[in-house]
1. Among what's in region 57-93 and is of a type in the set (A, V, I, L, M, F, W, C) and within 17 Å of Gln112 (Cα to Cα), pick the residue that is surrounded by the fewest Cβ atoms within 10 Å (Cβ to Cβ).
2. From the list Pro8, Pro17, which one is more than 26 Å from Ala149 (Cα to Cα), modelled with pLDDT under 90, more than 19 Å from the chain's Cα centre (by Cα) and outside the structural domain of Gly155 (by TED's automatic domain parsing)?
3. Can you tell which of Phe182, Phe159, Phe109 is modelled with pLDDT of 95 or more and in contact with a His (Cβ under 7 Å, 6 or more places away or on another chain)?
4. Lys80: of a type in the set (D, E, K, R) and assigned by TED's automatic domain parsing to the domain that holds Pro105, yes or no?
Amino acid sequence: MTVQIKRPPRVIRTTPPLTLLPATDWPEPGQWTYNDYLRLPDDGNRYEVIKGNLYMTPSPSLDHQRVSAELEYGLMHFVKQNQLGLVLDAPFDVILPEIATPVQPDILFVRQARIQEIVTPKQIVGAPDLVLEIISPGSARYDRFTKYAAYEEAGVPEFWLVDVAHMTIEVYVLENGKYQPFGKWGIGDVAESHVLPGWRVALAEIFAPLA
C-alpha cells in the first residue's frame, strides 16, 4: 500500500497500523523538499517526494523482490555484455528537477554517454533513459498514475510497468512529450525494449519464482 502523507506526524491506521513519522515539525503537503526528505527516519519504508508531496511505500514483498532480481539480473547482463551504460536498483535517489525530490525507481538504466552528466555518488540528477517499476497490489494506483505522470513530465524515454499480481509487463515510450503504449505482454510472451534494442524478457522466466 502506498500512502500519501498528508500532515505528519501521524499514526495512519492501515492494515496493520503504521507509525509513519516521529514527532517533529514537517512541511505542509506540497511543500516537501529534498532536505526535508533527508530528515526522514530509516525505518525500512521507501519515501519519495513528488510535486512537493511525500509518499511512503512499505518494504517490498518477497514476490516483488524475486521478480525485481530476475529483471535486474537479465538487464544488467545485457547492458554489461554490450557496454551500454549503468543499471541501478532501489534504494537510490533520482532527482527529477521541479518534479520529484526524489523518487527511487525499482530498476533504472542510464546510457554510457550520460553517466558523467547526471550520475553522482549519492544520486542521479536528471531523467534516466529507462525506468522499471514493479507493481505490488497496494501500489498499483501510485505507479500507474502518480509515478507515470512524473516520469512522463521529466522526459524519461521508456517506462516499464511490471504487474506481479497479473503477471504482465507494459512498456511505454515517450513520443512528443507523451507516453505511448509500445507493448503489453503476458505469460508465454516475450517483452521487448525500444530504448535497448535486443533486450528481450521472457515473462515465463521472470515470473517463474511466483509459481
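The values are calculated or read from the model by the stated rules, or taken from the named source; none is laboratory data. A quick note: this is a predicted structure, and the numbers were derived from the prediction, not measured. Please note: Cβ atoms are built from the backbone with ideal geometry, for glycine as well, and neighbour counts cover all protein chains shown.
1. Filtering first and then ranking leaves Met76.
2. On inspection, the qualifying residue turns out to be Pro17.
3. Residue meeting the stated conditions: Phe182.
4. Yes; evaluated as a whole, the condition is true for this residue.
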